[in-house]
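A short worksheet on the structure shown next.
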Amino acid sequence: MRGPPAARERMGGAFWRFWSVEVATETGLGLAVIALQTMVVLDLGGGATEVGWLSSARFLPYVVLGLLVGALVEGMRRRTVMLVSDVVRALVLGGLAAVWLAGGGALWVLLLAAVLLGAASLVNDAASQAFVPRLVDRARLLPAHQRLDAGSNAAQSAGPAVSGAVIAWLGAPVSLLAAAAAHLVSAACSRRSRSTSPRRGDPPASGARSSAGCASCTGIRGSAPSRAGRTRGSSATAPR
């Protein structure tokens, strides 16, 4: 799935480790989203209206805070932002699972969790897109984003089937714990990640990071808009 050895060598090991973590994290987030929808329908007896509210709650931070977060992340350490946002997502999912298993399930709890999950995903999206220029040189920015998009598409294609099987086996609340574990693994990998230093004489990459970071704020991770936005944001900085 990572491509031929020559491609891995061109992109570098750091990029492909980042790619693997991104795909695994997106799969885990997809599992969480389907688990939340399952809890609305099966546990709370909700219908299309309630599922719509859940989706709206998940997208709300992107609509309200998208541009602001993109600007704020520009001045922060990307690796730290990714680590903290992954830990926050793990805590939200783990806490929701604990509340649900303890019998405290309610629609407002799910909606609150969806808003928090969306906010943490927004921050992580902006930081992770802005981190890519630190992993590959300027000439490989667009191919790097395209490979991330390809991995995202694969995760989106396989995600629903995998999520359905996991939820059927473990139940929706326990599946949230599996998704939380995926985010903790991602946080650990973010802590260990290393970026490449810009070469002397290279044009500054801050514009690339800013455009990619802001573009990622137009959609939610695991959705087509965010991935398309990433490619559009990076293409502006790629050699023509």
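Where a number appears in this text, it was derived from the coordinates with a stated rule and is not lab data. It should be emphasised that the depicted structure is a prediction, and the values quoted were computed from it without experimental measurement. Positions of Cβ are generated from backbone atoms using ideal geometry, with glycine treated the same way; all protein chains shown enter the neighbour counts.
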message: Sort 92-98, 25-31, 50-56 by packing, meaning the average of other beta carbons within 10 Å per residue, with the highest value first.
response: 25-31, 92-98, 50-56
message: Pairwise over distinct Cα atoms, reciprocal of the mean inverse distance: report the Kirkwood radius of segment 23-81 in Å, one decimal place.
response: 13.6 Å
Projected label distance in nm at SER55 and ALA161, using a 7 Å step from Cα toward the beta-carbon: 2.3 nm
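Can you give the extra length, in nm with one decimal, that the chain gains between LEU68 and ALA181 once fully stretched, where that is 0.36 nm per residue apart less the Cα-Cα distance?
37.8 nm is the gain from fully extending LEU68 to ALA181.
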- prompt: Can you give the Rg to Rh ratio of segment 100-143, both from alpha-carbon atoms, with Rh computed by the Kirkwood formula?
  reply: 1.34
field: Note, ³J(HN,Hα) from phi for segment 103-117, Karplus 6.51, -1.76, 1.60, rounded to Hz, x at Gly and Pro
entry: x, x, x, 7, 4, 5, 5, 5, 5, 4, 4, 5, 5, 5, 5
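Give me ARG89, ARG140 ranked fewest to most by other Cβ atoms within 10 Å of their Cβ, as a rough exposure proxy. Please report the intermediate quantities before stating the final value.
Numbers: ARG89 30, ARG140 19.
Least crowded to most crowded, the residues run ARG140, ARG89.
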statement: Rounded to 0.05, the calculated FRET efficiency for the beta carbons of ALA14 and LEU91 at R₀ = 25 Å is 0.35
query: Which stretch or stretches of segment 35-54 have amide N atoms under 20 Å from the point lying 7 Å from ALA168's Cα along the Cα→Cβ direction?
result: 35-43
- prompt: Which of MET76, MET82 comes first, and how do the rest follow, when ranked by fewest Cβ neighbours within 10 Å?
  reply: MET76, MET82
statement: Classified through the alpha carbon gyration tensor (a ≥ b ≥ c as square roots of its eigenvalues; rounded if a/c is under 1.5, else prolate when a/b is larger than b/c, else oblate), segment 1-134 comes out prolate
task: Beta carbons within 10 angstrom, averaged per residue: use that to sort the peptides 34-40, 149-155, 116-122, highest first.
output: 116-122, 34-40, 149-155
